[in-house]
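In what follows, a structure is listed as structure tokens, so that the remarks can point back to it.
The values are calculated or read from the model by the stated rules, or taken from the named source; none is laboratory data. Please read these numbers as outputs of a predicted model, since none were measured by experiment. Cβ placement follows ideal geometry from the backbone for every residue including glycine, while neighbour counts extend to all protein chains displayed.
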Amino acid sequence: MSELQEPEWVFPFEYMKIGESFFVPTLNTAEMLYVIECGAKRAKIRIKAYITSKENHLGVRAWRIS
């Protein structure tokens, strides 16, 4: 049985205003936190990301804070 692969994610960092957020559904929450934080660093913005759920789907929500 093959392991499920995460899709390639494109994050909207350049278009986000301070206070806006996005949710990424995933079972690999630790890896997604890392990917989001690295992407924000490359985009030179600050985010706050948390593991949470939305409509019974586990995932990560990230807010732009500056």
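Scan the stretch 57-66 and tell me whether some residue there is without any contact (Cβ under 8 Å) to a residue 12 or more places away in the chain and over 16 Å from Pro12 (Cβ atoms).
Within the stretch 57-66, none of the residues are without any contact (Cβ under 8 Å) to a residue 12 or more places away in the chain and over 16 Å from Pro12 (Cβ atoms).
Would you mind finding the one in Arg46, Arg42 that is surrounded by fewer than 16 Cβ atoms within 10 Å (Cβ to Cβ), among the charged types (D, E, K, R) and at pLDDT below 95?
Being surrounded by fewer than 16 Cβ atoms within 10 Å (Cβ to Cβ), among the charged types (D, E, K, R) and at pLDDT below 95 holds for just one of Arg46, Arg42, which is Arg42.
Restricting the stretch 24-39 to residues that are of a type in the set (A, V, I, L, M) and loosely packed, with under 12 Cβ neighbours inside 10 Å, which is nearest to Glu55 (Cα to Cα)?
The qualifying residue nearest to Glu55 (Cα to Cα) is Leu27.
Within the set of pairs 6+ apart or on separate chains, which have a first residue in the stretch 9-34 that is in contact (Cβ under 8 Å) with a residue 40 or more places away in the chain and polar (S, T, N, Q), a second that is outside any helix (DSSP H, G or I) and surrounded by 14 or more Cβ atoms within 10 Å (Cβ to Cβ), and C-beta atoms under 8 Å apart?
Cβ pairs passing all conditions: Ser21/Arg61; Ser21/Ala62; Ser21/Trp63; Ser21/Arg64.
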